[in-house]
Amino acid sequence: MKLNEEAARCLLCEDAKCSAVCPKKFDPARMVRAVRFENGDIGANFVDKNICAECEGFCEKACIHYDFPVRIRKITEKLCENDFDENVDLSIDFLGVKCENPFFLSSSVVAGNYEMCARAFKMGWAGAVYKTVGFIKPVETSPRFDAIGKEGTPFIGFKNLEQISDHSLEENLEIIKRLKKDFPTKVIVASIMGETDEEWTSLARLVTEAGADMIECNFSCPQMVGEGLGSDVGQNPELVKRYTECVKKGTHLPVLAKMTPNIGNMEPPAVAAICGGANGIAAINTIKCITGIDLESLEPFNSVSGKTAVSGYSGKSVLPIALRFICDMAKCEKLKNIPLSGIGGIETWRDAVQFILLGCENVQVTTAVMQYGYRIIDDLTSGLKAYMARKKISRLTDLVGKGLSNITNPDNLDRESISYPVFDSEKCIGCKRCFVSCRDGGHQAIETDKNGKARLIGSKCVGCHLCVLVCPSGAIGKSRRVKRRD
């Protein structure tokens, strides 16, 4: 049994019955959730594996899974008991503002009113980029969300038609003011969007007076309509520069420019924003998409009275795209030492660390919160602490940008050596998945015996590692690199 696959079956109930019935008052639900969010290092803290091994399985009997109970005791058996010193510092200064940890809510429905932001702050989120405010008040569609999945994973990508805040500007300003008053140590970022020079300046002045700590300019919302709005701005460096200058006229606060990924190269508008006075860059916003068409009705998914529109795509599936844009900007000479806020596909602490290693000083999350709730902050912070302790890194700032040097031009990659796949016959289950993929999508370098066990044909193998990726049992590993044979 693979821990992550079994933990992924958990429904992540709000009031988990498995924990409620535990006679020892352990918290198996929290343990499973830790494993689910790639945080197994701390999973053992919520149970006692020795006691659980002798238990009658009250937790599993109480599990309400629609198929069959999550095998909680099996997960518990496989947990490693790690005693990490978590005395590490997750705080970081971002744009001159002290942040208790790098985790912010991004500008969206998850940071759309006082009650939501307050609950998130109480649970441990360091800051919130309040849902974009402006002088317009949109009327939202119904429905406005869609999701796509793959092979038992129902939520790898997410589409939304949401526009900026549907509260009045006056309401939103009052909420920002109240949040800063009630949570003075939390970071309140006001996301703004105007349609004219005057509106950008006025919005900057109003949110500054309301008590925001910094401003994020929304140059990138893909579902806003109207000339000069959303991603239409982010694709136009001249307009980005001009609107940034307008914002700086209305505030003394640090300013973030939020970039659109609906563009070939993000560096030109990002540089334009800095030339206009922005202090940092946030990226990415959602990617323009259509999630699909119903083959029977011919109506689009996310149908609104039979119609839909191109709108923003987010979720785990966009993470590699977001990392690429972040890396491009971090390596751009004209953006050297410009602070970055990373957004896009962050679900676990491991995802967040990817952004930090590529140069981000903080990260923003929306889609994972929509799916799992604010509670994921526990796994984000504890997972990051455990990782830093294991790596003997005491300060978060020491991680920022440490992975950039290993990203290079394709022409600089080592092409004189090769790493061959290594087959473990004990783990091989004889499914022939590797054989099929190599035969039909590789170099026909795998053969199988009468039991379906795989063997490498070394003379044909080019070390592409497709077989490693498709093996369902983890039976194929990687060898050390050797000089390529002629």
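The values are calculated or read from the model by the stated rules, or taken from the named source; none is laboratory data. On a predicted model such as this, the values are computed, not experimentally measured, just so you know. Every residue, glycine as well, gets a Cβ built from its backbone with ideal geometry; the counts of neighbours run over all protein chains shown. To get the accessible areas, we keep the full protein, side chains included, count just its heavy atoms, and leave off ligands, DNA and RNA. Shrake-Rupley method; radii C 1.70, N 1.55, O 1.52, S 1.80 Å.
For every residue, the table says whether it meets (1) over 30 Å from Leu161 (Cβ atoms); (2) part of a loop (DSSP other than H, G, I, E, B); (3) not basic (Lys, Arg).
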{"site": "Phe355", "(1), (2), (3)": "no, no, yes"}
{"site": "Tyr374", "(1), (2), (3)": "no, yes, yes"}
{"site": "Met388", "(1), (2), (3)": "yes, no, yes"}
{"site": "Lys392", "(1), (2), (3)": "yes, yes, no"}
{"site": "Lys402", "(1), (2), (3)": "yes, yes, no"}
{"site": "Thr408", "(1), (2), (3)": "yes, yes, yes"}
{"site": "Asp411", "(1), (2), (3)": "yes, no, yes"}
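Here is a check on your reading of the model: is Val369 in a loop (DSSP other than H, G, I, E, B), at pLDDT 95 or above and under 27 Å from Ala330 (Cβ atoms)?
When the stated conditions are applied, Val369 does not pass them.
Identify, by number, the condition in (1) open to solvent by 20 Å² or more (accessible area, probe 1.4 Å); (2) touching a Leu at 6+ places or on another chain (Cβ under 7 Å) that Phe301 doesn't meet.
Phe301 satisfies every listed condition except (2).
Checking the condition aromatic (Phe, Trp, Tyr) and under 22 Å from Gly344 (Cα atoms), which residue from Phe145, Phe183 passes? Let's see the steps before the verdict.
Values: Phe183 fails: under 22 Å from Gly344 (Cα atoms).
Going through Phe145, Phe183 in turn, the sole match is Phe145.
Could you list all residues from the stretch 380-418 that are of a type in the set (Val, Ile, Thr), touching a residue at least 40 places away in the same chain (Cβ under 8 Å) and surrounded by fewer than 12 Cβ atoms within 10 Å (Cβ to Cβ)?
Filtering the stretch 380-418 down to residues of a type in the set (Val, Ile, Thr) leaves 381, 393, 397, 400, 407-408, 418.
From the residues that got through so far, the ones that are touching a residue at least 40 places away in the same chain (Cβ under 8 Å) too are 381, 393, 397, 400, 407, 418.
Hits for the stretch 380-418: nothing passes.
With respect to Glu170, is the statement that it is open to solvent by 60 Å² or more (accessible area, probe 1.4 Å) and either without any contact (Cβ under 8 Å) to a residue 12 or more places away in the chain or on the phi < 0 side of the Ramachandran plot (or both) true? Spell out how you get there, then give the answer.
Working: open to solvent by 60 Å² or more (accessible area, probe 1.4 Å): yes; either without any contact (Cβ under 8 Å) to a residue 12 or more places away in the chain or on the phi < 0 side of the Ramachandran plot (or both): yes.
Taking the combined requirement at face value, the residue satisfies it.
Here are some residues: Thr251, Thr260. Which one is crowded, with 21+ Cβ neighbours inside 10 Å, touching a residue at least 24 places away in the same chain (Cβ under 8 Å), touching a strand residue (DSSP E or B) at 6+ places or on another chain (Cβ under 8 Å) and outside any helix (DSSP H, G or I)? If you could, list the steps in order and put the result at the bottom.
Working: Thr260 fails: touching a strand residue (DSSP E or B) at 6+ places or on another chain (Cβ under 8 Å).
Unique residue meeting the criteria: Thr251.
Any chance the stretch 435-445 includes a residue that's under 27 Å from Glu5 (Cα atoms) and assigned to a strand (DSSP E or B)?
no
Only one of (1) open to solvent by 50 Å² or more (accessible area, probe 1.4 Å); (2) under 30 Å from Gly194 (Cα atoms); (3) not aliphatic (A, V, I, L, M) fails for Thr153. Which number is that?
So the condition that Thr153 fails would be (2).
Under the condition of being among the β-branched types (Val, Ile, Thr) and open to solvent by less than 20 Å² (accessible area, probe 1.4 Å), which residue from the stretch 125-150 is farthest from Met224 (Cα to Cα)? Steps first, please.
The first filter runs over the stretch 125-150 and keeps only residues among the β-branched types (Val, Ile, Thr), leaving 129, 132-133, 136, 139, 141, 148.
Narrowing further to those that are open to solvent by less than 20 Å² (accessible area, probe 1.4 Å): 129, 132-133.
Working: Val129: 18, Thr132: 11, Val133: 13 Å.
Taking the candidates together, the pick is Val129.
Specify which of the listed residues (Gly344, Gly277, Gly312) is surrounded by 24 or more Cβ atoms within 10 Å (Cβ to Cβ) and at pLDDT 95 or above. Please lay out each step first, then the result.
Details: Gly277 fails: surrounded by 24 or more Cβ atoms within 10 Å (Cβ to Cβ); Gly312 fails: at pLDDT 95 or above.
Step by step, each of Gly344, Gly277, Gly312 is checked, and only Gly344 is surrounded by 24 or more Cβ atoms within 10 Å (Cβ to Cβ) and at pLDDT 95 or above.
Give all pairs with beta carbons closer than 6 Å in which a residue from the stretch 104-130 that is closer than 13 Å to Thr381 by Cβ and hydrophobic (A, V, I, L, M, F, W, C) meets a residue that is in a helix (DSSP H, G or I) and modelled with pLDDT of 95 or more; count only pairs at least 6 apart in sequence or on separate chains.
Met123/Ile377; Trp125/Ile377
Condition check: out of contact with any Asp or Glu (no Cβ under 7 Å at 6 or more places or on another chain) and open to solvent by 90 Å² or more (accessible area, probe 1.4 Å). Does Lys460 satisfy that? Give the steps one after another, and end with the answer.
On the way: out of contact with any Asp or Glu (no Cβ under 7 Å at 6 or more places or on another chain): yes; open to solvent by 90 Å² or more (accessible area, probe 1.4 Å): yes.
In short, yes.
Among what's in the stretch 464-486 and is in contact with a Ser or Thr (Cβ under 9 Å, 6 or more places away or on another chain), in a loop (DSSP other than H, G, I, E, B) and more than 11 Å from Cys434 (Cβ to Cβ), pick the residue that is most open to solvent (accessible area, probe 1.4 Å).
This residue is Arg480.
Going through Cys461, Cys471, Cys467 one at a time, which residue ends up being in contact (Cβ under 8 Å) with a residue 12 or more places away in the chain, at negative phi and touching a strand residue (DSSP E or B) at 6+ places or on another chain (Cβ under 6 Å)?
Numbers: Cys461 fails: touching a strand residue (DSSP E or B) at 6+ places or on another chain (Cβ under 6 Å); Cys471 fails: touching a strand residue (DSSP E or B) at 6+ places or on another chain (Cβ under 6 Å).
Testing whether each residue is in contact (Cβ under 8 Å) with a residue 12 or more places away in the chain, at negative phi and touching a strand residue (DSSP E or B) at 6+ places or on another chain (Cβ under 6 Å) leaves just Cys467.
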